[in-house]
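The values are calculated or read from the model by the stated rules, or taken from the named source; none is laboratory data. Remember, it's a predicted structure, so these values are computed and weren't measured experimentally. So basically every Cβ, Gly included, is an ideal-geometry build from the backbone, and we count neighbours across all protein chains shown.
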Ligand code: SF4
């Protein structure tokens, strides 16, 4: 079951590749030069990797929502 939802403001992505470098399990750089998550509904086990991607994003376009509380964690 998904505990968290990823929001990616793709328009603001500058394609630096940091998310794909720290969390290759869920982040890829696409042919247009911007990244995208492989999936947006993630479990507790997948949180740390995606949180590292979010904290490492230099333009803060990756956000993670706690599905239960609907609170934006980052
Ligand atoms: S770290 Fe942020 S700016 Fe860099 S590719 Fe990933 S989403 Fe885009």
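Residues in segment 29-55 that are in contact with a strand residue (DSSP E or B) (Cβ under 7 Å, 6 or more places away or on another chain) and surrounded by 14 or more Cβ atoms within 10 Å (Cβ to Cβ): 11 in all. Screening 6, 64 for residues that are in a strand (DSSP E or B), buried (at least 16 other Cβ atoms within 10 Å of the Cβ) and away from the ligand (no atom under 11 Å from the Cβ) leaves exactly one candidate, 64.
Filtering segment 44-60 to residues that are near the ligand (Cβ under 10 Å from one of its atoms) and either more than 15 Å from residue 20 (Cβ to Cβ) or at pLDDT below 95 (or both) leaves only 60.
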